[in-house]
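To start, the structure itself, in structure tokens.
The values are calculated or read from the model by the stated rules, or taken from the named source; none is laboratory data. These figures come from a predicted structure and were not determined experimentally. Here Cβ is always computed from backbone atoms with ideal geometry, including for glycine, and neighbour counts include all displayed protein chains. Ligands, DNA and RNA are stripped out before the accessible areas are found, and what is left, the full protein with its side chains, is counted by its heavy atoms. Shrake-Rupley method; radii C 1.70, N 1.55, O 1.52, S 1.80 Å.
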Amino acid sequence: MTPDALFEALIQSFASYIKNKQVIEKIKTAYELAKQKHLGQTRKSGEPYITHPVAVAKILADLGSGPDTLISALLHDTVEDTDLTLKDVESLFGVEVMNLVDGVTKISKLSFSNGVISQADNHQKMLLAMAKDIRVILIKIADRLHNVRTLESMAPEKQYRIAKETLEIYAPLAHRLGIFRIKAELEDRSLRYTDPPMYYRVSN
């Protein structure tokens with residue numbers, strides 16, 4: 001699907017609960033800005049990079065997330081990966097969206113590379129403590145869900161590292177927040193890369 005077609009699918013997802021035309025225009029503005037800023041950037045799969053934030057926003061729209069969360073999801077990688085600044089985000093979309101984007105950017109810079117299971121609970125608590133607004137964690141979980149949905153384009157060692165981190169940190173976080181469908185999908189998709197024999201046994 002083209003980025004614009006993906007965005008249309010996103011609109012369909014929130015059309016049932018976001019009716020205000022001005023708000024919808026604001027979401028469209030965020031999409032156009034993100035598309036412009038990520039122009040020329042691609043994912044490992046070769047797809048335009050903009051497909052990722054749109055997919056993240058779609059996951060959140062399917063959960064019934066509000067406009068500021070959807071706008072922040074569309075912009076969540078712009079401050080880290082493009083020349084857009086937090087000041088730009090604030091002037092265009094307000095302080096709330098700026099704080100959400102800032103929160104996601106800070107969490108994205110954290111590294112859990114040692115992957116020690118005994119520390120997983122500490123990592124979860126640290127993420128929850130860092131995120132002054134729980135919507136930051138929701139965006140990060142949706143971001144991780146889309147990343148594990150597209151892990152096949154990564155190198156095997158990166159697949160394993162991301163999947164293991166997902167099982168230890170992000171799936172339990174989704175459980176804590178009561179997003180059980182997403183928790184189950186995070187676990188299923190990650191198991192495929194951390195323990196393929198078990199994954200195929202469970203699938204069968």
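Taking Cα pairs under 8 Å and at least six residues apart, what relative contact order does the chain come out at, in percent?
Values: 216 pairs, mean separation 33.7, N = 204.
16 percent.
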So what is the 222 nm mean residue ellipticity for the chain from helices alone, if each DSSP H run of at least 4 adds -39500 (n - 2.57) and you divide by all residues, rounding to the nearest 500 deg cm²/dmol? -21500 deg cm²/dmol
Could you state the accessible area per residue of the chain in Å², with a 1.4 Å probe and every protein chain left in place? 50 Å²
Please report, in whole Å, how far the alpha carbons of region 162-204 spread along each principal axis, starting with the longest. 29, 20, 9
Net charge near Ser72, counting Lys/Arg +1 and Asp/Glu -1 over other residues with Cβ under 9 Å of its Cβ? -1
Ignoring any ligand, DNA or RNA, what whole percent of the accessible area of region 90-204 comes from carbon and sulfur when the probe is 1.4 angstrom? 54 percent
Region 1-49, accessible surface, carbon-and-sulfur percent (1.4 angstrom probe): 54 percent
Could you report the accessible area of Ser45 in Å², rounded to 10, computed with a 1.4 Å probe on the protein chains as they sit in the structure? 60 Å²
Please work out how much accessible surface Thr85 shows to a 1.4 Å probe, ignoring ligands, DNA and RNA, in Å² rounded to 10. 60 Å²
